[in-house]
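Written below as structure tokens is the structure these notes are about.
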Amino acid sequence: MKNLIKFLCLAALVLGTMTDAWAQPSYDLNEAAQKKMSQLSFLEGNWKGSGWMMAQDQKRSTFESEETIQFKLSGTLLEVEGISRSEGRVVHHALAVISSAEGEGKFDFTSFLQSGEKGTYPAELIDGKLYWYPKKQVRYVIEINAKGQWFEIGEYNAGKEWYKFFEMTMDKVD
């Protein structure tokens with residue numbers, strides 16, 4: 001009888017810990033995330049344009065750029081793929097996924113570069129502009145300007161002032 005009780009206790013313990021392993025994740029649509037992500041619908045589409053960037057040696061170079069932005073997973077993620085070329089050579093190629101984060105107007109910006117660099121960075125929507133911060137002193141700001149163009153800048157904070165090192169303007173092509 002003691003062996004039967006020990007066996008039953010052991011079986012209950014093992015089966016109790018395996019319940020989570022057998023449980024299926026929820027496949028229900030996260031409507032709150034979908035609604036929050038819809039705030040970024042102004043970015044959706046195919047965009048083409050040009051811009052400039054300042055290198056560490058303070059030399060400005062120009063580039064042509066294309067961005068493809070589309071919602072995925074029933075509108076709960078926003079995929080951003082950008083490729084820039086200068087004199088026919090790829091100078092930047094990135095893929096990012098923007099997802100909902102805790103807090104009003106807060107997002108996670110997960111970026112992957114052709115160099116292999118990757119990371120998840122804070123992003124936020126402020127007055128219709130998307131800000132994302134790949135480093136503590138660096139921010140990018142994306143907005144749709146009065147002409148309906150994608151307008152993006154990159155800035156570096158050197159104390160109390162932000163200095164622009166990147167600017168890109170694109171037209172929607174779809």
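Tell me, what is the percent relative contact order of the chain, built from C-alpha pairs under 8 Å that lie six or more residues apart?
Relative contact order of the chain: 17 percent.
Using r as the Cβ-Cβ distance of Ser86 and Gln137, and R0 as 22 Å, what FRET efficiency do you calculate, to the nearest 0.05?
Efficiency, from the Cβ-Cβ distance: 0.30.
If the reach is capped at under 30 angstrom between alpha carbons, list the lysines near Lys118, excluding any in the same chain fewer than eight residues apart.
Reachable lysines: Lys35, Lys36, Lys48, Lys59, Lys72, Lys106, Lys129, Lys135, Lys136, Lys160, Lys164, Lys172.
Read-outs: derived from the displayed coordinates by stated rules, not from any lab. What you see is a predicted model, and the numbers here were worked out from it, not measured in a lab. Methodologically, a virtual Cβ is constructed for each residue, glycine included, from the backbone with ideal geometry; neighbour enumeration extends over all protein chains shown.
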